[in-house]
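Take a look at the structure set out below.
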Amino acid sequence: MVRRSPETGGWEAALIRVGQAWSLPKGNLDKGETPEQAALREISEETGLPMDRLQVLGELPASEYMYRRQGRLVSKIVHHYLVEAPGDAPLRPQEREVDEVEWVPLAEAARRVTYRDLRAAFEEAKRGLGTE
């Protein structure tokens, strides 16, 4: 999720911190939900921004990874979208799930995230916004 900084006019990305990991909002699809609808819902829930103030600008590269859950290997695909929030959007982390949420200059966001697979999404976002 991005916005125009009210101070500088440059693009900023909203990052969330869960434990020690900086990342993007993400979650599971609810029944009957499209990946785009799930992305907007999760962004809204995890950052405190109202869904009706978010606008999807385009799709970004997905992340694919494997992890173990209760001894079973699970494959996960996370769909990412370039979503714009209004410049005056205050952030409020979701209680009990998100420790911190912060606006970060877009140029810095790819370096700040913990997971390398998110860097491709940030690079594509910069291209899509014409900042490359």
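The values are calculated or read from the model by the stated rules, or taken from the named source; none is laboratory data. Please read all numbers here as calculations on a predicted model, not as lab measurements. All Cβ positions, even for glycine, are placed from backbone atoms using ideal geometry, and neighbour counts span all protein chains on display. The accessibility values were calculated without ligands, DNA or RNA, using every heavy atom of the protein model including side chains. Shrake-Rupley method; radii C 1.70, N 1.55, O 1.52, S 1.80 Å.
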Inset, instruction - Using Cα Rg over 2.2 N^0.38 Å as the read-out, say which of [x] 1.19; [y] 1.40; [z] 1.02 was calculated from these coordinates. - result: [z]
Legend entry - Solvent-accessible area, 1.4 Å probe, carbon plus sulfur percent, for the range 1-89: 47 percent
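What does the charge count near residue 49 come to, summing +1 for each Lys or Arg and -1 for each Asp or Glu among other residues with Cβ under 14 Å from its Cβ?
Working: positive: 3, 41, 53, 92; negative: 12, 42, 45, 46, 52, 84, 88, 102.
Every neighbour counted, the sum reads -4.
Can you tell me the accessible area per residue over the chain, all protein chains present, probe 1.4 angstrom, in square angstrom? Write out the running numbers ahead of the final one.
Values: 7940 Å² over 132 residues.
Result: 60 Å² per residue.
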Legend entry - Peptide ranges 35-43, 69-77 listed from the most packed, as the mean C-beta count within 10 angstrom indicates: 35-43, 69-77
Legend entry - Rg(Cα)/(2.2 N^0.38 Å) for the range 1-52, N = residue count: 1.29
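So what's the net charge close to residue 119: Lys and Arg +1, Asp and Glu -1, counting the other residues with Cβ under 11 Å from its Cβ?
Around residue 119, the charge tally is +1.
Using 1/(1 + (r/R0)^6) with R0 = 22 angstrom and r between the beta carbons of residue 88 and residue 36, what's the FRET efficiency to the nearest 0.05?
Numbers: r = 24 Å, r/R0 = 1.09.
Using R0 = 22 Å, I get an efficiency of 0.35.
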Inset, instruction - Could you calculate the contour length gain from residue 108 to residue 17, that is, 0.36 nm times the residue separation minus the distance between their Cα atoms, to one decimal place in nm? - result: 31.2 nm
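Percent relative contact order of the chain, based on C-alpha pairs within less than 8 angstrom and at least six residues apart? Write out the running numbers ahead of the final one.
Details: 226 pairs, mean separation 42.2, N = 132.
Normalised by residue count, the contact order of the chain is 32 percent.
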